[in-house]
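Structure first, commentary second.
The values are calculated or read from the model by the stated rules, or taken from the named source; none is laboratory data. Here the structure is a predicted model, which is why all the values come from computation and not from measurement. Backbone-built Cβ (ideal geometry, glycine too); neighbour counts: all protein chains shown. Heavy atoms of the whole protein, side chains included, go into the accessibility calculation; ligands, DNA and RNA do not. Shrake-Rupley method; radii C 1.70, N 1.55, O 1.52, S 1.80 Å.
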Amino acid sequence: MPGYDNPMGNSPLEVKVISKRFALPNSASLDVYLQHDGYQALKKALATKPEDVINEVKNSGLRGRGGAGFNTGMKWSFVPKQSAKLKYVVCNADESEPGTCKDRPLMEYDPHQLIEGIIISGYAIQAHQGFIYVRGEYRYLLEIVDRALAEAYARGYLGKNLLGSGFDFDLCTHTGAGAYECGEETALLNSLEGLRGYPRIKPPFPAVLGLYGGPTVINNVETLSNIPHIILNGAGWYAKLGSPKNGGTRLFCLSGHISRPGIYELPMGFPLRRMIEEVGGGVPRGKRLKAVIPGGSSCPVLTAEEIDVAMDYDSVAKIGSMLGSGGVVIMDEDTCMVKVAGRIMRFYAHESCGWCIPCREGTSWLKRLLERFHSGGALPDDPDTALDVAYNILGKTLCPLGDAAAMPTISILQKFRHEFEEHLKLGYCPYEKKAVSVA
Amino acid sequence: MKDQTHKSQFVILDLPPKPENLHVPGPYTRSPSLSPQLNPAAEPVSVTIDGKEVKVPAGTLLIEAAKQAGIEIPSYCYYPGLTLQGACRMCLVAIEKMPKLQTACTTVVAKGMVVHTETEEVKNARKAMLEFLLTNHPLDCPVCDKGGECELQDAVFRYGAAETRFMEPKLHHEERKFSSLVYYDWPRCILCYRCVRVCDEGLDVNAYGIGFRGAHSEIIPNRGEKLECEECGMCIDVCPVGALTSGTYRYKTRPWEMTYSGTICNHCGDGCKTTLSVRNNEIVRANNRDHSGFNGEFLCVKGRFGWDFVNSDQRLTAPLIRKNGKQESGTWEEALGVVADRLNDVLKQHGPASVAVIGSNRTTNEENYLLGRLTRTVLGTNNLDHHRTADYGSLVRALTEVKATDRYATIQNIYEAPSILVVGNDPTHQHPLVAYQIRQAVRQHNAHLYLLNSREIKLQRQATHSVTVRTSGEPDAIRALAGIQAPHAGLVVGGTGDFDSFREGLLEESDTVIIFGDEIRGKDVADLVRWGLALPGRTRFVALGDYANSRGAADMGLLPDVLPGYLPLPEQAARERFEAAWQFRIPTEPGRDIRSILQGAQSGEIKALLVFGSNPVKTFHLPKEQLSKLAFLMVAELFPTETAEAADVVLPATSFAEKSGTVTNSCGQVQVLKKPMRKAGTRSDLEILLALAGRLGHKWAYQSSDDVLREIIAQVPGYAIALPNLLIGRAVATQPAGTPPELASADLIFSSRDSLFTSGTLSRYSWALNSVDEAKRPHGHIF
């Protein structure tokens, strides 16, 4: 698109599966897609039984790429076979986690891969309607996806009796209105239904009671884009790409203080140190690494000593963080971690939907506290108070947004407590080398 | 469907054909999972809460189960009867084998669940929530209306989050006036969304929404800057803090400076219990926070705000006596003397047939009973009537004829009914509690609502089947439903389906409650009852009368041909019953009905007219000079009404808030009025009647309304109610049986068709009811 740089990185260490068509000219068109295995997986899937499709995905070890990392096939299998209400498939394209920009190229360069994945998931749970919920800020992507949908309808890949199989499937896009909260699956459903984007009480989970009260599967763009490859090449092939229980590859978005920022498709379990040093070219200007956010702003930060970790869900969880949405943010030695904590909290305070008390009041409190602390108004009790407030949010909110806000703060307060002490002692931020008077 | 407007700035594409292909169900509201569903059929579940084992029906929420175990779990967003929110996080409890604290308000009990509600972790979580709530809360408790009865104050007091670590400037928005009766103070709001839900789910008005996001979220009117709603004030009532305050109560007093009396609202015929809060002999608030009475906390705009006529400057406080053509203030002694003298003169000169009495729809049963005694014995005439707004007589007659006098429905029966048929009337305007009960029955128990009306009414939103007939077509429609006559062409003009599906639907229901308005009267009532009783199950009936004691006026025999308890006056046995009680002969000839009385006044046949709590000049649209031929007109009234202005003597009467006694609602449920205050210079109708009887030479032994009530219980058929039940505040159902004469003329029964904001003459003297913008809209406006 004009005005946008190609966000894709390029590294020989990459294993290209879902990004393999990105470099082709006119890759978003149906013709190019068809020339490169397009809709072959759909043909294959429609010839097998729905439950076999689910089993194949289950065995592939594909885990949700939105952040939670739940086994995708397992999620599908929770959908009741018989349902009085209509079933739905919803693609969560409300990509808004800070540091994450992987769904964007998937829709921009290969929308048909996504569409094919959605149709197959629809077939697997026997739904006949799908929605792609695109974040409000991605309007230019909406046109690309809408054009792809029109092409798919025109050639019979969507609509009635797909490829003569007797299976009907309709798909359309829907835009969000600019709320991070709507990336949470039940808030997304509310927004899709035309209600305010507030999360719903769980249980019941969407697989049982979702959109319009019907069983609903909600998957991330990247998750669904993997489906055609799993069907076409088999669960075994896919599982082997990654590490145990973490099948396949994933798109990592390297940003921050890194020489070659960009999106790289790397196998699951790829070591974080190599990702930073070899794939991303290390921290620029010879600076030392201070901290890494491994998977989007919601994840607890890792210190420079903690980066010898395999980037898969289980390994990152073992050291107390999360693989999240694949947004790897690298910070060098000049970064003020107090400022980072404040900046992250500003985001969550702005994006808190306001539904439940701890998140609504807690994020707003922490934002104001951390910003005051950083700008010279530090008080001795502040770090302890902030930590306590963050713990009072953690695990007490209706949806995971509260946890997402609390976890980075807690990790920064614990791992970089000395930087808070420095602020307190000096009365100004030592990293910005700017004296700020203490009131 | 997706909003297409943003497309304009981009290239126009050949979009896929979305709308036709969407597999989306029709109108959809909230997720059904958000309302708890009890499952009484399943085996009860046993759970342990703080070491106490409690057995509850399957599907019970943990917070309710804890209540049964005598354990209070604090909560703000949870409100029984409304959808679940899980928003305030106050009710977090520890459940064994669960990793995190869980909200008791959204957790359904499971077998063997072990719950702890007072562990350190739980208490700290509660403290934390309170600390969060207080961060931006203004803590202006000393000047807050809610101070002293605030749920936030109470919780902070109990869990002690008195110290704050919050050092930042508090967020602040200015207070907003949503309407003349509802103010919103944003900083106090804790966003529990009770107001949003009660308006949407309880009132079906949906006036509130939520604006902005995060810490800046606020409650906003859904339509424009101001509330456009029924102004019922339920939002103020359910607000746990002082965020929503009442335009009539704010900054007037502190809760502990008032005395509270549970009494019965004096406006429509539903008989809502209301607690009047009185300070310095002045009502400052009405609500029903204690949920006593069948209305729970429900009150409509009239009940919650429309009592202020009591405090009106225009109240009459001294008797007026016409001297030289002008009404002048006088003493009670003088006024009562004039009344007695003038009545004696008329009686002597023209005989009892020249005297007539018009009673009230609002005075107590005791007053009505005594008014009947005064008219029939002291004055010696049966020229007694009142403005009849529903044909109770025909309902009693029809049910008695088929020995089905156990089929009067109560207000509770409406809520519990699996199926409801409403014929005529517009309960949303005329009977707000009945409408509320119907909506709750539909929403909470999936009751089926059948509507038969000649107007478009708001309840059609809840209707399973509705049939709109042409103007005044309801009786024809009843005959057609009953198969007495075929529906003629043009009868049905709208609705959800045809007549046959309507009837067939009803035939498949059982235990239907049939509610009808003034459209059905006389023989039509008999047709409706006969057909209704043939429906499956126990069909019950309600006739909707306009005012607080419309039913009581009929029950107490304020009628020319009916004695108390619907005993027919022409029957000797009936007369003998009351002749024995009253120790006086009752004239045998039925008297004049109200239209005939007013006609007689014009023609000169009626010489003296006594009017108690009624404004016939307005009700019957009389020309001013119609009453001028009367030799004597006495009016007992609260206000200088059109009728009072024509009177020779006006006696200032007390309002419902200044007297004791009983009233009977449209469903025949008797309730007690409590007397929370006095008004200097006024006397109750009961006192007036006792004084008049005395001056006219009759010695009555009654000392108080209680004595009259005891006589009513002993003498009036159907009113043999247990006094203790009444006195502890219950609504005691009556089941009158009698065969009153058939309705003489259909035009004797007509409703005033009050809107939500009017209540006959009384509402004119209420500032609150006239202050709201909605009151100025055309009648019948639907929100």
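Residues that are in contact (Cβ under 8 Å) with a residue 40 or more places away in the chain and more than 19 Å from residue A:397 (Cβ to Cβ) were ranked within region A:339-378; the one that is nearest to the chain's Cα centre (by Cα) is A:340. Of the set (1) farther than 27 Å from residue B:732 by Cβ; (2) in contact with a strand residue (DSSP E or B) (Cβ under 6 Å, 6 or more places away or on another chain), all apply to residue B:426 but (2). Would you confirm whether any residue within region B:468-489 is farther than 21 Å from residue B:404 by Cα, crowded, with 17+ Cβ neighbours inside 10 Å and of a type in the set (S, T, N, Q)? Yes, there is a match, as at least one residue in region B:468-489 is farther than 21 Å from residue B:404 by Cα, crowded, with 17+ Cβ neighbours inside 10 Å and of a type in the set (S, T, N, Q). Here is a list: B:94, B:69. Which entry is more than 17 Å from residue B:191 (Cα to Cα) and within 14 Å of chain A (Cβ to nearest Cβ)? Among B:94, B:69, only B:94 is more than 17 Å from residue B:191 (Cα to Cα) and within 14 Å of chain A (Cβ to nearest Cβ).
Please give the number of the condition residue B:621 fails out of (1) farther than 30 Å from residue B:515 by Cβ; (2) in a loop (DSSP other than H, G, I, E, B). Result: residue B:621 passes all but (1). Scanning region B:499-515 for residues that are without any contact (Cβ under 8 Å) to a residue 24 or more places away in the chain and surrounded by 13 or more Cβ atoms within 10 Å (Cβ to Cβ) returns a single hit, B:503. The single condition among (1) in a helix (DSSP H, G or I); (2) outside the structural domain of residue B:619 (by TED's automatic domain parsing) that residue B:778 does not satisfy is (1).
The lone criterion from (1) farther than 22 Å from residue B:700 by Cβ; (2) touching a residue at least 40 places away in the same chain (Cβ under 8 Å); (3) open to solvent by 50 Å² or more (accessible area, probe 1.4 Å) left unmet by residue B:584 is number (1).
Out of the residues in region A:152-185 meeting the condition of being in a helix (DSSP H, G or I) and more than 9 Å from chain B (Cβ to nearest Cβ), tell me which one is surrounded by the fewest Cβ atoms within 10 Å (Cβ to Cβ). Before you say what the answer is, go through the steps one by one.
Residues of region A:152-185 in a helix (DSSP H, G or I): A:152-154, A:162-164, A:180-183, A:185.
Now narrow it down to the ones that are more than 9 Å from chain B (Cβ to nearest Cβ): A:162-164, A:180, A:182-183, A:185.
Details: A:162: 21, A:163: 15, A:164: 9, A:180: 23, A:182: 28, A:183: 27, A:185: 27.
Here the answer is A:164.
So, residue A:137, is that one open to solvent by 20 Å² or more (accessible area, probe 1.4 Å), touching a residue at least 40 places away in the same chain (Cβ under 8 Å), within 13 Å of chain B (Cβ to nearest Cβ) and farther than 26 Å from residue A:67 by Cα or not? Answer is no for this residue.
Matching residues to (1) touching a helix residue (DSSP H, G or I) at 6+ places or on another chain (Cβ under 7 Å); (2) under 23 Å from residue B:721 (Cα atoms):
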residue	(1), (2)
B:518	no, no
B:521	yes, no
B:524	yes, no
B:527	yes, no
B:541	yes, yes
B:553	yes, yes
B:572	no, no
B:584	yes, no
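Of everything in region B:102-118 that is crowded, with 21+ Cβ neighbours inside 10 Å and at the interface with chain A (Cβ under 10 Å from one of its Cβ atoms), the residue that is nearest to the chain's Cα centre (by Cα) is B:105.
Just a yes or no: is a residue in region A:87-96 in a helix (DSSP H, G or I) and β-branched (Val, Ile, Thr)? First the steps, then the outcome.
So the first thing to find is which residues in region A:87-96 are in a helix (DSSP H, G or I), and the list is none.
No, every residue in region A:87-96 fails to be in a helix (DSSP H, G or I) and β-branched (Val, Ile, Thr).
Counting only helices (runs of 4 or more DSSP H) that sit completely within region A:316-419, those holding 1 or more residues that are at pLDDT 95 or above, open to solvent by 10 Å² or more (accessible area, probe 1.4 Å) and facing another protein chain (nearest Cβ under 8 Å) correspond to A:337-351, A:357-372, A:382-393.
Evaluate region B:288-311: report whether one residue or more is open to solvent by less than 10 Å² (accessible area, probe 1.4 Å), within 36 Å of the chain's Cα centre (by Cα), small (Gly, Ala, Ser) and not assigned by TED's automatic domain parsing to the domain that holds residue B:671. Yes, the conditions are met somewhere in region B:288-311. Within region A:51-90, the set of residues being at pLDDT below 95 and within 14 Å of chain B (Cβ to nearest Cβ) comprises A:83, A:84, A:85, A:86. Among all positions in region B:559-572, there is no residue which is at pLDDT 95 or above, aliphatic (A, V, I, L, M) and more than 19 Å from residue B:398 (Cα to Cα). Would you pick out the residues in region B:161-180 that are within 30 Å of residue B:230 (Cβ to Cβ) and of a type outside the set (Asp, Glu)? Those that are within 30 Å of residue B:230 (Cβ to Cβ) and of a type outside the set (Asp, Glu): B:173, B:176, B:177, B:178, B:179, B:180. Examine region A:243-254 for a residue that is more than 14 Å from chain B (Cβ to nearest Cβ), part of a strand (DSSP E or B) and within 28 Å of residue A:418 (Cα to Cα), and state whether such a residue exists. Checked against the condition, which is being more than 14 Å from chain B (Cβ to nearest Cβ), part of a strand (DSSP E or B) and within 28 Å of residue A:418 (Cα to Cα), region A:243-254 yields at least one hit.
Kindly check whether there is at least one residue in region A:119-130 that is more than 10 Å from every other protein chain (Cβ to nearest Cβ), in contact with a Phe, Trp or Tyr (Cβ under 8 Å, 6 or more places away or on another chain), among the polar types (S, T, N, Q) and open to solvent by less than 10 Å² (accessible area, probe 1.4 Å). So far as region A:119-130 goes, yes, one or more of its residues are more than 10 Å from every other protein chain (Cβ to nearest Cβ), in contact with a Phe, Trp or Tyr (Cβ under 8 Å, 6 or more places away or on another chain), among the polar types (S, T, N, Q) and open to solvent by less than 10 Å² (accessible area, probe 1.4 Å). Return yes or no: is residue B:726 open to solvent by less than 50 Å² (accessible area, probe 1.4 Å), of a type in the set (A, V, I, L, M), at pLDDT below 95 and not in a loop (DSSP other than H, G, I, E, B)? Against the criterion (open to solvent by less than 50 Å² (accessible area, probe 1.4 Å), of a type in the set (A, V, I, L, M), at pLDDT below 95 and not in a loop (DSSP other than H, G, I, E, B)), residue B:726 qualifies. In region A:132-144, the count of residues that are assigned by TED's automatic domain parsing to the domain that holds residue A:46, part of a helix (DSSP H, G or I), under 23 Å from the mean Cα position of the chain (by Cα) and over 30 Å from residue A:293 (Cβ atoms) is one or more.
Just to check your reading of the model, which residue among B:139, B:171 is among the aliphatic types (A, V, I, L, M) and either within 14 Å of chain A (Cβ to nearest Cβ) or closer than 30 Å to residue B:295 by Cβ (or both)?
B:171
Counting only strands (runs of 3 or more DSSP E) that sit wholly inside region B:189-253, those with at least 2 residues that are within 14 Å of chain A (Cβ to nearest Cβ) and of a type in the set (A, V, I, L, M) are B:218-221. May I ask you to list the residues in region B:126-135 that are more than 7 Å from every other protein chain (Cβ to nearest Cβ) and either outside any helix (DSSP H, G or I) or over 18 Å from residue A:367 (Cβ atoms) (or both)? B:126, B:127, B:130, listed by residue number. Residues in region A:18-43 that are open to solvent by 10 Å² or more (accessible area, probe 1.4 Å) and aliphatic (A, V, I, L, M) were compared, and the one that is nearest to residue A:223 (Cα to Cα) is A:28. Has region B:119-139 got any residue that is assigned by TED's automatic domain parsing to the domain that holds residue B:70, within 30 Å of residue B:50 (Cα to Cα), touching a residue at least 60 places away in the same chain (Cβ under 8 Å) and not aliphatic (A, V, I, L, M)? Among the residues of region B:119-139, not one is assigned by TED's automatic domain parsing to the domain that holds residue B:70, within 30 Å of residue B:50 (Cα to Cα), touching a residue at least 60 places away in the same chain (Cβ under 8 Å) and not aliphatic (A, V, I, L, M), which makes the answer no. Scan region B:597-608 and give yes if some residue there is under 32 Å from the mean Cα position of the chain (by Cα) and farther than 27 Å from residue B:661 by Cβ, otherwise no. Within region B:597-608, one or more residues are under 32 Å from the mean Cα position of the chain (by Cα) and farther than 27 Å from residue B:661 by Cβ.
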